[in-house]
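Here the structure comes first, spelled out in C-alpha cells, and everything after it is commentary.
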Amino acid sequence: MPPRAKLEELIDGPKNFRRADVIRTFEKKGNDQDPWYIVVDNKVYDIKDFVSDHPGGAVILTQIGKDSTDAFYNFHPNEVIEILANYYVGDIAQEDIITSKEGFAQELRKYKEIFKKKNYFKSSKLYYAQKVIHNIIIWATSVTILAKFGDNLFGVLLSAAIMGLFWQQCGWLSHDFLHHQVFDNRKYNDLMGDFLGGICQGFDPSWWKDKHNTHHAEPNVHGQDPDINTHPILTWSEHALLDIFDPEMAEINAKLLPQWIVRFMIKYQTLSYFPILCVARVSWCIQSILFVLPNGQNGKPADARMPISLTEQLSLGIHYIWYFYILSFISTWNLVFIFFITSQAICGLLLALVFALNHNGMKILTEEEAQEMDFFIKQVITGRNVIASNPELQFIVDWFCGGLNYQIEHHIFPTLPRHVFHKVQPIVQTLCEKYEIPYHKTTFMEGTKEVFNRLGQVSAACRKLDRKLT
C-alpha cells in the first residue's frame, strides 16, 4: 500500500511544479524520504519506484533533479515514454517553461530527424557480419599458431599478441551491439553482446552497461562518471586530488591504503601509467566475474542493481573453458605463463590506450557545473576525436579504435552505427564552430601526449599540496 502522501497525490491528480522544486531533489538525491523527480518534455516524473525495474541500471539515478529530455531520447526509442508515463506526477509550471529557441541542442535534434530520414540509424548488416567474421579469423589465426608452435617462445608470443588484438576488436564490436546500433530488436543486440563480450572477450555485458551507461549520461563529471573514478591508481583532476587530501576522505581511504602510499602513487603516476594499462584487462575480468556472482552487487543500493541473466553467467563460463583449453597446446608451464601474461597485457594496453584518448585529459566538471550545462554541450566539451596525421590512413585509425575515434559524434548519437560516423562528423563540427563550442580533435600520438601531460599536472599539484601540508 502506498504511503498516505502518495495516496493523496493520486487523489489530487497531477500538479504544476516549479523548476526549483525539481532541482531541490538533485540536492537531496539518495534521500528515501523525498521524491526523485526528473523532467522530460516539461513533464515531471517521480522515478523512485521505477529505479529497481530500470533495464539500464543505476544510470537513471544520475538524472534526479534534472531536465533529462535529451538524455532520455539519446538512450531510448521514442515509445519508451509510455513506460515512463506510469510515473507521471505533473507538469512544469507555465512560467518556468523554457521557450525553445534556435540553438545548438535544437539544431542537433533537427539533424537527428534528418539522419533518421536518410536511414543513417539503419545499420548495414553486411558490414557487421564481415566485422564478426574478421574477428573470428583473428581468433583462429592465434589458436592455429599456438597449436603449431606451442613449444616455441616466438610462436607463443605471436599467438598471444594476436589474441590480445582479438579481444580488443571484440570489445569494440560488443560495444556497438550493446549500444543497440545494429538490430532494431534489442534482444538480438544483447545476445550478440553475450557472444562477443562474454564468450569471446570475457567481459560481462551487464557489468559493462552499468558502468558505461552512467559514463554516457555524465561524462567526465567528478563523482558521477565511473571512468574517471580511478584514484588513487590514476588521478585525473584536482577535484579527485582534493578528495584524497580531505581529512575525512583520507581517514576512509586509510582503511584501504596508507596515505603515504596513495600520495606516492599520484606523484609518480606518469611512470606507472603504461604498466597500469597492461593490467587493466585482468582487473576488468575480475570485476566482471564478481559482478555476476549472487552477492556481486552487494555494495550497491538494492534498487540500483542490474539483473543478471543465466545467459550472461554461461557466456563467461564458456569464455574461460575455451581459453584454458587452448593453453593445453603449450608445451611447458613457463610458456603458459608467458602466453597468459602477454595476451592479457597486450589487450589491456590496446583497449586502455583508446579509452584514455576518448575523454582523459579533457575538461572535468563538478556535479554542480554539469547540472547547469546543456546535455549535448557536455558531451562535446568532454570528448576528444582522434584523426590520422595522413588522411589516407584514416581507415587504420577507424579500425584500430573501433569507431570510438569519433567520440564526440558517438556521445551525441550513441545508437548511430559506426560506419556512418564519417558522414555526420563534418556536420557536428560545423555546428560546434557556429555556436563557438570547443570541438577537439587530434592525432593518436598528440592525444596520448595530452593524456600523459594531464597526469603530470595532477602529479605536480599533489607534490605542491604535500609540501604545504608537511
Original post:
Out of all the residues in segment 202-221, which are of a type in the set (S, T, N, Q), outside any loop (DSSP other than H, G, I, E, B) and over 8 Å from the mean Cα position of the chain (by Cα)?
Top reply: Ser206
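Would you say Gln425 is part of a helix (DSSP H, G or I), surrounded by 14 or more Cβ atoms within 10 Å (Cβ to Cβ), on the phi < 0 side of the Ramachandran plot and touching an Asp or Glu at 6+ places or on another chain (Cβ under 6 Å)?
yes
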**OP:** Pairs only if they're at least six apart or on different chains, beta carbon under 7 angstrom, first in segment 171-199 and on the phi < 0 side of the Ramachandran plot, second modelled with pLDDT under 95 and basic (Lys, Arg); list them, first residue then second.
**Re:** Leu178/Lys209
Original post:
Is it fair to say Thr382 is outside the structural domain of Gln181 (by the TED database), surrounded by fewer than 17 Cβ atoms within 10 Å (Cβ to Cβ) and in contact with a His (Cβ under 9 Å, 6 or more places away or on another chain)?
Top reply: no
Original post:
In segment 289-305, what residues are within 21 Å of the chain's Cα centre (by Cα) and either at pLDDT 95 or above or more than 14 Å from Gly198 (Cβ to Cβ) (or both)?
Top reply: Leu290, Gly296, Gln297, Gly299, Lys300, Pro301, Asp303, Ala304, Arg305
**OP:** Of the numbered conditions (1) open to solvent by 40 Å² or more (accessible area, probe 1.4 Å); (2) closer than 30 Å to Ile64 by Cα, Gln371 fails exactly one; give the number of that condition.
**Re:** (1)
Original post:
Between a first residue in segment 103-115 that is in contact (Cβ under 8 Å) with a residue 24 or more places away in the chain and more than 13 Å from Asp374 (Cα to Cα) and a second residue that is part of a helix (DSSP H, G or I) and open to solvent by 20 Å² or more (accessible area, probe 1.4 Å), which pairs have beta carbons less than 7 Å apart while being 6 or more apart in sequence or on different chains?
Top reply: Tyr111/Ile427
Original post:
Out of segment 51-88, which residues are surrounded by 17 or more Cβ atoms within 10 Å (Cβ to Cβ) and among the hydrophobic types (A, V, I, L, M, F, W, C)?
Top reply: Val51, Ala58, Val59, Ile60, Leu61, Ile64, Ala71, Phe72, Phe75, Leu84
Original post:
Is it the case that some residue within segment 312-319 is within 19 Å of Ile162 (Cβ to Cβ) and assigned to a helix (DSSP H, G or I)?
Top reply: yes
**OP:** Only residues in segment 151-162 that are without any contact (Cβ under 8 Å) to a residue 24 or more places away in the chain count as the first member; pair them with residues that are open to solvent by 40 Å² or more (accessible area, probe 1.4 Å), Cβ under 6 angstrom, at least 6 apart or cross-chain, and list the lot.
**Re:** Gly155/Phe149
Original post:
Does any residue of segment 153-163 turn out to be under 23 Å from Tyr406 (Cβ atoms) and in a helix (DSSP H, G or I)?
Top reply: no
Original post:
Can you name the residue in segment 142-168 that is surrounded by 18 or more Cβ atoms within 10 Å (Cβ to Cβ) and aromatic (Phe, Trp, Tyr) and is also farthest from Tyr320 (Cα to Cα) among such residues?
Top reply: Phe149
**OP:** Kindly indicate which of Asp194, Asp176 is under 16 Å from the mean Cα position of the chain (by Cα), open to solvent by less than 20 Å² (accessible area, probe 1.4 Å), in the same structural domain as Leu310 (by the TED database) and not small (Gly, Ala, Ser).
**Re:** Asp176
Original post:
Does Lys209 meet the test of being open to solvent by less than 50 Å² (accessible area, probe 1.4 Å) and touching a Lys or Arg at 6+ places or on another chain (Cβ under 6 Å)?
Top reply: no
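Check Leu350, Leu327, Leu357, Leu277 and return the single one that is open to solvent by less than 40 Å² (accessible area, probe 1.4 Å), over 23 Å from His222 (Cα atoms) and in contact (Cβ under 8 Å) with a residue 40 or more places away in the chain.
So the residue among Leu350, Leu327, Leu357, Leu277 that is open to solvent by less than 40 Å² (accessible area, probe 1.4 Å), over 23 Å from His222 (Cα atoms) and in contact (Cβ under 8 Å) with a residue 40 or more places away in the chain is Leu350.
The values are calculated or read from the model by the stated rules, or taken from the named source; none is laboratory data. Here the structure is a predicted model, which is why all the values come from computation and not from measurement. Cβ sites come from the backbone with ideal geometry, for glycine too, and all protein chains shown count toward neighbours. Accessible surface areas use protein heavy atoms only, side chains included; no ligands, DNA or RNA. Shrake-Rupley method; radii C 1.70, N 1.55, O 1.52, S 1.80 Å.
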